[in-house]
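Everything below concerns the one structure shown next.
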Amino acid sequence: MAHYQTLLYYCYSPIADAEKFATDHLEFCKSLNLVGRIIVADEGLNGTVSGSPESCQAYMDAIYADGRFNHTEFKIDDVTEPSFIKMHCRYKTEIVHSGLRDPKIIDPTLKTGIHLEPKDFMEMKDRDDVVVLDVRSNYEHNVGRFKNAVTLDIENFREFPEKVKELEQYKGKKILTYCTGGIKCEKASALLLAEGFEDVYQLHGGIIKYGKEAGGKDFDGKCYVFDNRVTVDVNSINPVVVSTCKNCGKQTPKMINCASPSCNEHFTQCDECGEKLEGCCSTACQEDPLKRPYDGTGYYVKIPQPVNIEKISKRKHKNFPPKVSLENSL
(Lines give C-alpha, C1' and ligand atoms only; values in the text may rest on other atoms or scores of the structure.)
Protein backbone atom coordinates (compact mmCIF):
# COMPACT_ATOMS: atom_id res chain seq x y z
CA MET A 1 0.00 0.00 0.00
CA ALA A 2 1.41 3.39 -1.02
CA HIS A 3 2.07 5.80 1.82
CA TYR A 4 4.38 8.24 0.06
CA GLN A 5 4.68 10.14 -3.19
CA THR A 6 7.53 10.94 -5.55
CA LEU A 7 7.43 14.11 -7.64
CA LEU A 8 9.36 14.49 -10.89
CA TYR A 9 9.48 17.98 -12.40
CA TYR A 10 11.50 20.68 -14.13
CA CYS A 11 11.00 24.31 -15.00
CA TYR A 12 13.00 26.56 -17.30
CA SER A 13 12.70 30.01 -15.74
CA PRO A 14 15.48 32.50 -14.89
CA ILE A 15 16.51 32.56 -11.23
CA ALA A 16 18.36 35.57 -9.88
CA ASP A 17 21.10 34.64 -7.40
CA ALA A 18 20.50 30.96 -8.04
CA GLU A 19 23.26 29.86 -5.67
CA LYS A 20 21.53 31.50 -2.70
CA PHE A 21 18.20 30.13 -3.91
CA ALA A 22 19.65 26.60 -3.82
CA THR A 23 20.81 27.04 -0.22
CA ASP A 24 17.47 28.45 0.93
CA HIS A 25 15.50 25.86 -1.05
CA LEU A 26 17.39 23.01 0.60
CA GLU A 27 16.36 24.25 4.03
CA PHE A 28 12.77 24.66 2.86
CA CYS A 29 12.66 21.06 1.57
CA LYS A 30 14.12 19.78 4.83
CA SER A 31 11.48 21.69 6.77
CA LEU A 32 8.87 19.66 4.87
CA ASN A 33 10.71 16.40 5.64
CA LEU A 34 11.26 15.78 1.94
CA VAL A 35 14.09 13.73 0.49
CA GLY A 36 15.34 13.94 -3.07
CA ARG A 37 17.66 15.60 -5.51
CA ILE A 38 17.18 19.09 -6.96
CA ILE A 39 19.44 20.92 -9.38
CA VAL A 40 19.23 24.69 -9.38
CA ALA A 41 20.78 26.82 -12.14
CA ASP A 42 20.40 30.32 -13.46
CA GLU A 43 18.07 28.81 -16.08
CA GLY A 44 15.66 27.05 -13.71
CA LEU A 45 14.92 23.95 -11.62
CA ASN A 46 15.16 20.20 -12.16
CA GLY A 47 14.10 17.93 -9.36
CA THR A 48 12.79 14.70 -7.96
CA VAL A 49 11.53 14.84 -4.37
CA SER A 50 9.76 12.28 -2.23
CA GLY A 51 7.80 12.33 1.00
CA SER A 52 4.34 12.09 2.51
CA PRO A 53 1.39 13.22 0.35
CA GLU A 54 0.94 16.20 2.66
CA SER A 55 4.59 17.26 2.33
CA CYS A 56 4.53 16.80 -1.43
CA GLN A 57 1.36 18.87 -1.73
CA ALA A 58 2.88 21.63 0.40
CA TYR A 59 5.94 21.61 -1.86
CA MET A 60 3.87 21.84 -5.04
CA ASP A 61 1.78 24.65 -3.55
CA ALA A 62 4.94 26.61 -2.77
CA ILE A 63 6.35 26.11 -6.26
CA TYR A 64 3.09 27.23 -7.87
CA ALA A 65 2.90 30.23 -5.55
CA ASP A 66 6.24 31.46 -6.88
CA GLY A 67 5.44 33.36 -10.06
CA ARG A 68 8.63 32.15 -11.72
CA PHE A 69 7.59 28.51 -11.56
CA ASN A 70 3.79 28.54 -11.81
CA HIS A 71 3.92 26.71 -15.17
CA THR A 72 5.74 23.71 -13.64
CA GLU A 73 4.18 20.32 -14.36
CA PHE A 74 4.62 17.61 -11.73
CA LYS A 75 4.60 13.89 -12.52
CA ILE A 76 3.32 12.21 -9.36
CA ASP A 77 3.98 8.57 -8.41
CA ASP A 78 2.53 6.82 -5.38
CA VAL A 79 5.28 4.77 -3.73
CA THR A 80 5.52 2.45 -0.74
CA GLU A 81 8.63 4.17 0.63
CA PRO A 82 10.54 7.39 -0.07
CA SER A 83 12.58 7.19 -3.27
CA PHE A 84 15.68 8.75 -1.71
CA ILE A 85 17.59 8.58 1.55
CA LYS A 86 18.64 12.23 1.89
CA MET A 87 17.76 15.66 0.58
CA HIS A 88 20.19 17.36 -1.82
CA CYS A 89 19.75 20.71 -3.53
CA ARG A 90 22.76 21.91 -5.50
CA TYR A 91 23.63 24.81 -7.76
CA LYS A 92 25.01 23.89 -11.18
CA THR A 93 25.58 25.70 -14.46
CA GLU A 94 22.67 23.87 -16.15
CA ILE A 95 19.65 21.96 -14.91
CA VAL A 96 20.52 19.23 -17.40
CA HIS A 97 24.14 19.06 -18.51
CA SER A 98 24.35 19.65 -22.25
CA GLY A 99 27.20 22.13 -22.62
CA LEU A 100 24.71 24.43 -24.39
CA ARG A 101 24.69 27.41 -22.06
CA ASP A 102 24.66 30.22 -24.63
CA PRO A 103 21.08 31.50 -24.93
CA LYS A 104 22.03 33.00 -28.30
CA ILE A 105 22.29 29.43 -29.63
CA ILE A 106 19.33 27.83 -27.86
CA ASP A 107 16.88 29.10 -25.26
CA PRO A 108 14.15 26.63 -24.19
CA THR A 109 12.03 29.51 -22.91
CA LEU A 110 11.83 30.97 -26.42
CA LYS A 111 11.96 28.19 -29.00
CA THR A 112 11.67 24.41 -28.79
CA GLY A 113 10.01 21.63 -30.72
CA ILE A 114 6.22 21.45 -30.73
CA HIS A 115 5.00 19.79 -27.54
CA LEU A 116 2.90 16.70 -28.21
CA GLU A 117 0.58 15.33 -25.55
CA PRO A 118 0.93 11.55 -25.05
CA LYS A 119 -2.13 10.62 -27.11
CA ASP A 120 -0.97 12.81 -30.00
CA PHE A 121 2.52 11.32 -29.80
CA MET A 122 1.01 7.83 -29.89
CA GLU A 123 -1.01 8.72 -32.96
CA MET A 124 1.94 10.22 -34.86
CA LYS A 125 4.82 7.94 -33.96
CA ASP A 126 4.17 5.20 -36.53
CA ARG A 127 3.67 7.39 -39.57
CA ASP A 128 6.00 6.88 -42.53
CA ASP A 129 7.14 10.51 -42.46
CA VAL A 130 8.09 10.37 -38.77
CA VAL A 131 11.30 9.45 -36.94
CA VAL A 132 11.07 8.80 -33.19
CA LEU A 133 14.32 9.91 -31.55
CA ASP A 134 15.49 8.83 -28.10
CA VAL A 135 17.77 11.56 -26.72
CA ARG A 136 18.78 9.63 -23.59
CA SER A 137 22.03 7.85 -22.74
CA ASN A 138 22.94 4.26 -23.59
CA TYR A 139 22.18 2.76 -20.19
CA GLU A 140 18.72 4.36 -20.30
CA HIS A 141 17.58 3.22 -23.73
CA ASN A 142 19.19 -0.20 -23.27
CA VAL A 143 16.69 -1.02 -20.54
CA GLY A 144 13.69 0.47 -22.32
CA ARG A 145 12.71 2.43 -25.45
CA PHE A 146 9.91 2.98 -27.94
CA LYS A 147 9.53 0.41 -30.72
CA ASN A 148 11.61 1.36 -33.78
CA ALA A 149 13.10 4.41 -32.05
CA VAL A 150 16.41 5.82 -33.26
CA THR A 151 18.92 5.68 -30.40
CA LEU A 152 22.28 7.40 -30.11
CA ASP A 153 25.54 5.96 -28.78
CA ILE A 154 26.07 8.43 -25.93
CA GLU A 155 27.18 7.91 -22.35
CA ASN A 156 25.87 11.31 -21.22
CA PHE A 157 23.47 13.90 -22.63
CA ARG A 158 26.32 16.38 -23.00
CA GLU A 159 27.44 14.26 -25.99
CA PHE A 160 24.15 14.88 -27.81
CA PRO A 161 25.29 18.05 -29.67
CA GLU A 162 28.13 16.05 -31.25
CA LYS A 163 25.68 13.42 -32.52
CA VAL A 164 23.34 15.80 -34.35
CA LYS A 165 25.35 15.43 -37.56
CA GLU A 166 24.49 11.72 -37.56
CA LEU A 167 20.83 12.69 -37.89
CA GLU A 168 21.20 14.63 -41.15
CA GLN A 169 19.59 11.75 -43.08
CA TYR A 170 16.30 12.49 -41.29
CA LYS A 171 16.06 16.19 -42.12
CA GLY A 172 13.16 15.65 -44.50
CA LYS A 173 11.04 13.93 -41.85
CA LYS A 174 9.19 14.92 -38.72
CA ILE A 175 11.41 14.32 -35.70
CA LEU A 176 9.63 13.23 -32.50
CA THR A 177 12.01 13.44 -29.54
CA TYR A 178 11.44 11.84 -26.17
CA CYS A 179 13.20 11.39 -22.82
CA THR A 180 12.29 10.46 -19.24
CA GLY A 181 10.37 13.52 -18.11
CA GLY A 182 10.78 16.00 -20.96
CA ILE A 183 13.68 18.13 -19.74
CA LYS A 184 16.32 16.84 -22.16
CA CYS A 185 13.96 17.27 -25.09
CA GLU A 186 13.65 20.98 -24.36
CA LYS A 187 17.30 21.48 -25.27
CA ALA A 188 17.55 18.63 -27.79
CA SER A 189 14.61 19.88 -29.86
CA ALA A 190 15.82 23.47 -29.63
CA LEU A 191 19.24 22.42 -30.92
CA LEU A 192 17.73 20.40 -33.78
CA LEU A 193 15.78 23.49 -34.87
CA ALA A 194 18.94 25.59 -34.67
CA GLU A 195 20.72 23.01 -36.85
CA GLY A 196 18.15 23.28 -39.65
CA PHE A 197 15.65 20.54 -38.81
CA GLU A 198 12.27 22.03 -39.63
CA ASP A 199 9.63 19.64 -38.24
CA VAL A 200 10.64 18.94 -34.66
CA TYR A 201 8.34 17.76 -31.88
CA GLN A 202 8.80 16.52 -28.34
CA LEU A 203 6.82 14.21 -26.06
CA HIS A 204 5.39 16.53 -23.44
CA GLY A 205 6.04 15.14 -19.98
CA GLY A 206 8.26 12.41 -21.38
CA ILE A 207 7.98 8.66 -20.93
CA ILE A 208 6.60 9.00 -17.42
CA LYS A 209 3.58 11.03 -18.52
CA TYR A 210 3.11 8.78 -21.56
CA GLY A 211 2.81 5.80 -19.26
CA LYS A 212 0.24 7.52 -17.09
CA GLU A 213 -1.93 8.98 -19.86
CA ALA A 214 -1.48 6.61 -22.81
CA GLY A 215 -0.87 3.35 -20.98
CA GLY A 216 2.72 3.25 -22.25
CA LYS A 217 1.67 1.49 -25.46
CA ASP A 218 4.66 0.39 -27.61
CA PHE A 219 7.24 1.40 -25.02
CA ASP A 220 9.35 -1.73 -24.71
CA GLY A 221 11.07 -2.51 -21.42
CA LYS A 222 11.29 -0.24 -18.39
CA CYS A 223 12.13 3.41 -17.84
CA TYR A 224 15.30 4.31 -15.97
CA VAL A 225 14.73 6.87 -13.20
CA PHE A 226 17.28 8.73 -11.13
CA ASP A 227 16.33 7.52 -7.66
CA ASN A 228 16.49 4.33 -5.64
CA ARG A 229 13.71 2.69 -7.68
CA VAL A 230 16.28 2.56 -10.55
CA THR A 231 13.61 1.60 -13.13
CA VAL A 232 9.82 1.84 -13.28
CA ASP A 233 7.13 0.11 -15.33
CA VAL A 234 5.60 2.16 -18.14
CA ASN A 235 3.65 -0.12 -20.50
CA SER A 236 0.42 -1.63 -19.21
CA ILE A 237 -0.93 -2.47 -22.69
CA ASN A 238 1.67 -4.52 -24.59
CA PRO A 239 4.74 -4.81 -22.35
CA VAL A 240 7.86 -6.75 -23.37
CA VAL A 241 11.37 -7.12 -21.98
CA VAL A 242 14.11 -5.85 -24.30
CA SER A 243 17.19 -5.81 -22.06
CA THR A 244 19.56 -8.70 -21.47
CA CYS A 245 21.98 -9.60 -18.70
CA LYS A 246 25.42 -8.13 -19.37
CA ASN A 247 27.05 -11.29 -18.02
CA CYS A 248 25.05 -14.25 -19.37
CA GLY A 249 22.79 -12.75 -22.05
CA LYS A 250 19.57 -13.91 -20.40
CA GLN A 251 16.61 -11.56 -20.77
CA THR A 252 16.13 -9.44 -17.67
CA PRO A 253 14.48 -6.10 -16.92
CA LYS A 254 16.67 -5.52 -13.86
CA MET A 255 19.14 -2.65 -13.95
CA ILE A 256 21.71 -1.99 -11.23
CA ASN A 257 24.89 -0.09 -10.49
CA CYS A 258 28.10 -2.07 -10.17
CA ALA A 259 28.89 -2.76 -6.51
CA SER A 260 32.45 -1.55 -7.07
CA PRO A 261 32.39 2.22 -6.31
CA SER A 262 35.34 2.82 -8.61
CA CYS A 263 33.29 1.38 -11.50
CA ASN A 264 29.65 2.16 -10.62
CA GLU A 265 28.56 1.24 -14.16
CA HIS A 266 24.84 1.19 -14.93
CA PHE A 267 24.02 -2.20 -16.43
CA THR A 268 21.39 -4.91 -16.65
CA GLN A 269 21.99 -8.11 -14.71
CA CYS A 270 19.82 -11.11 -13.89
CA ASP A 271 19.36 -12.21 -10.28
CA GLU A 272 21.49 -15.35 -10.77
CA CYS A 273 24.51 -13.39 -12.02
CA GLY A 274 23.87 -10.76 -9.38
CA GLU A 275 24.22 -13.35 -6.64
CA LYS A 276 27.22 -14.98 -8.29
CA LEU A 277 29.11 -11.72 -8.87
CA GLU A 278 27.78 -9.99 -5.75
CA GLY A 279 26.29 -7.19 -7.82
CA CYS A 280 29.48 -6.50 -9.78
CA CYS A 281 29.74 -6.23 -13.55
CA SER A 282 32.84 -8.44 -13.69
CA THR A 283 35.08 -10.65 -11.59
CA ALA A 284 37.67 -7.85 -11.58
CA CYS A 285 35.19 -5.49 -9.90
CA GLN A 286 34.20 -8.30 -7.55
CA GLU A 287 37.74 -8.25 -6.17
CA ASP A 288 37.55 -4.54 -5.32
CA PRO A 289 38.31 -4.25 -1.56
CA LEU A 290 35.89 -1.29 -1.37
CA LYS A 291 33.06 -3.31 -2.95
CA ARG A 292 29.70 -2.39 -1.47
CA PRO A 293 27.45 -5.08 0.05
CA TYR A 294 24.91 -6.26 -2.50
CA ASP A 295 21.33 -6.48 -1.24
CA GLY A 296 19.70 -7.37 -4.56
CA THR A 297 18.62 -3.83 -5.42
CA GLY A 298 21.82 -2.50 -6.96
CA TYR A 299 21.12 0.96 -5.55
CA TYR A 300 23.71 2.49 -3.24
CA VAL A 301 23.73 5.58 -1.08
CA LYS A 302 26.67 7.74 -2.08
CA ILE A 303 29.56 7.19 0.31
CA PRO A 304 31.57 10.32 1.19
CA GLN A 305 35.03 10.12 -0.30
CA PRO A 306 38.21 10.94 1.65
CA VAL A 307 39.00 14.65 1.69
CA ASN A 308 41.68 15.58 -0.82
CA ILE A 309 43.80 17.85 1.40
CA GLU A 310 46.27 18.65 -1.37
CA LYS A 311 43.52 19.81 -3.71
CA ILE A 312 41.88 21.93 -1.02
CA SER A 313 45.22 23.51 -0.11
CA LYS A 314 45.90 24.49 -3.70
CA ARG A 315 42.45 26.02 -4.03
CA LYS A 316 42.78 27.93 -0.76
CA HIS A 317 46.21 29.21 -1.70
CA LYS A 318 44.88 30.45 -5.03
CA ASN A 319 41.90 32.24 -3.49
CA PHE A 320 43.73 34.05 -0.69
CA PRO A 321 46.30 36.88 -1.00
CA PRO A 322 49.92 35.81 -0.39
CA LYS A 323 49.99 37.52 3.01
CA VAL A 324 47.29 35.20 4.34
CA SER A 325 48.89 31.94 5.41
CA LEU A 326 47.41 28.67 4.22
CA GLU A 327 47.42 27.39 7.79
CA ASN A 328 45.24 30.25 9.00
CA SER A 329 42.89 29.97 6.06
CA LEU A 330 41.97 26.33 6.64
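The values are calculated or read from the model by the stated rules, or taken from the named source; none is laboratory data. For clarity, every value in this text was computed on a predicted model and none was experimentally measured. Here the Cβ positions follow ideal geometry from the backbone for every residue, glycine too, while neighbour counts run over all protein chains shown. Areas reflect the complete protein model, heavy atoms only, side chains present, ligands, DNA and RNA absent. Shrake-Rupley method; radii C 1.70, N 1.55, O 1.52, S 1.80 Å.
Would you mind computing Rg(Cα) / (2.2 N^0.38 Å) for the chain, counting N as its residues?
Here the answer is 1.07, to two decimals.
Of Val131, His115, Thr93, which is farthest along the charge dipole of the stretch 88-151 in the positive direction, counting Lys and Arg as +1 and Asp and Glu as -1 at C-beta?
Value: Thr93.
What are the ³J(HN,Hα) values, in whole Hz, obtained from phi via the Karplus relation 6.51 cos²θ - 1.76 cosθ + 1.60 with θ = phi - 60°, for each residue of the stretch 78-95 in sequence order, with x given for Gly and Pro?
7, 10, 7, 8, x, 8, 9, 9, 10, 10, 10, 9, 10, 8, 9, 6, 9, 7
For every other residue with a beta carbon closer than 9 angstrom to the beta carbon of Tyr10, add +1 if it is Lys or Arg and -1 if Asp or Glu, then tell me the sum.
Working: positive: none; negative: Glu73, Glu186.
Charge balance near Tyr10 sits at -2.
For the stretch 129-200, what relative contact order do you get, as a whole percent, if you take Cα pairs closer than 8 Å and at least 6 residues apart?
Relative contact order, the stretch 129-200: 37 percent.
When the accessible area of the chain is split by element with a 1.4 Å probe, what percent falls to carbon and sulfur?
Ligands and nucleic acids excluded, carbon and sulfur give 50 percent.
Work the Kirkwood hydrodynamic radius out for the stretch 102-219: mean of 1/r over every pair of different alpha-carbon atoms, inverted, in Å.
14.0 Å
Treating only the Cβ atoms of Lys and Arg (+1) and Asp and Glu (-1) as charged, compute the dipole magnitude of the stretch 1-133 about its Cα centre; round to the nearest 20 debye.
Values: 14 positive and 22 negative charges, 80 e Å.
That gives a dipole near 380 debye.
Quantify how much of the Cα-Cα distance distribution of the stretch 193-285 extends past 18 Å, in percent.
That tail contains 56 percent of the Cα-Cα pairs.
With +1 assigned to the C-beta of every Lys and Arg and -1 to the C-beta of every Asp and Glu, and no other charges, what is the dipole magnitude of the chain about the Cα centre in debye, to the nearest 20? Walk me through the intermediate numbers first.
Numbers: 43 positive and 49 negative charges, 171 e Å.
Rounded to the nearest 20 debye, it is 820 debye.
Tell me, what is the percent relative contact order of the chain, built from C-alpha pairs under 8 Å that lie six or more residues apart?
The value is 13 percent.
Going 7 Å from the Cα of Asp126 toward and past its Cβ, which residues in the stretch 137-173 have a backbone nitrogen under 18 Å from where you end up?
Label zone hits: 145-150.
Which cross-chain or sequence-distant (5 or more) residues have an amide H under 5 Å from the amide H of Val132, H modelled 1.01 Å from N in plane?
The answer is Val150, Leu176.
Show me the three semi-axes of the equivalent ellipsoid for the stretch 1-152, from the C-alpha gyration tensor (sqrt of 5 times each eigenvalue), largest first, rounded to whole Å.
Over the Cα atoms of the stretch 1-152, the ellipsoid semi-axes are 29, 21, 15 Å.
Let me have the relative contact order for the stretch 12-72, percent, based on Cα pairs under 8 Å that are six or more residues apart.
Details: 68 pairs, mean separation 19.8, N = 61.
It comes to 32 percent, rounded to a whole number.
Got a sec? Which residues in the stretch 12-52 would a label at His71 touch, if it sits 7 Å along Cα→Cβ and we count backbone N under 18 Å?
Under 18 Å, as judged by backbone N against the label point of His71, lie 12-16, 41-47 of the stretch 12-52.
Given a Förster radius of 22 Å and the C-beta distance between Val241 and Glu275 as r, what FRET efficiency does 1/(1 + (r/R0)^6) yield to the nearest 0.05? Don't jump to the answer; show the numbers that get you there.
Details: r = 20 Å, r/R0 = 0.89.
Given R0 = 22 Å and the Cβ-Cβ separation, E is 0.65.
Among residues other than Tyr170 whose Cβ falls under 15 Å from its Cβ, what is the net charge (Lys/Arg +1, Asp/Glu -1)?
On the way: positive: Lys125, Arg127, Lys163, Lys165, Lys171, Lys173, Lys174; negative: Asp128, Asp129, Asp134, Glu166, Glu168, Glu195, Glu198, Asp199.
Local charge sum for Tyr170: -1.
Mind checking the per residue accessible area of the chain for me, 1.4 Å probe, whole number of Å²?
52 Å²
Counting pairs of Cα atoms in the stretch 42-81, how many percent are more than 15 Å apart? Kindly include the intermediate steps, with their values, before the conclusion.
Numbers: 334 of 780 pairs.
I get 43 percent for the Cα pairs in the stretch 42-81 exceeding 15 Å.
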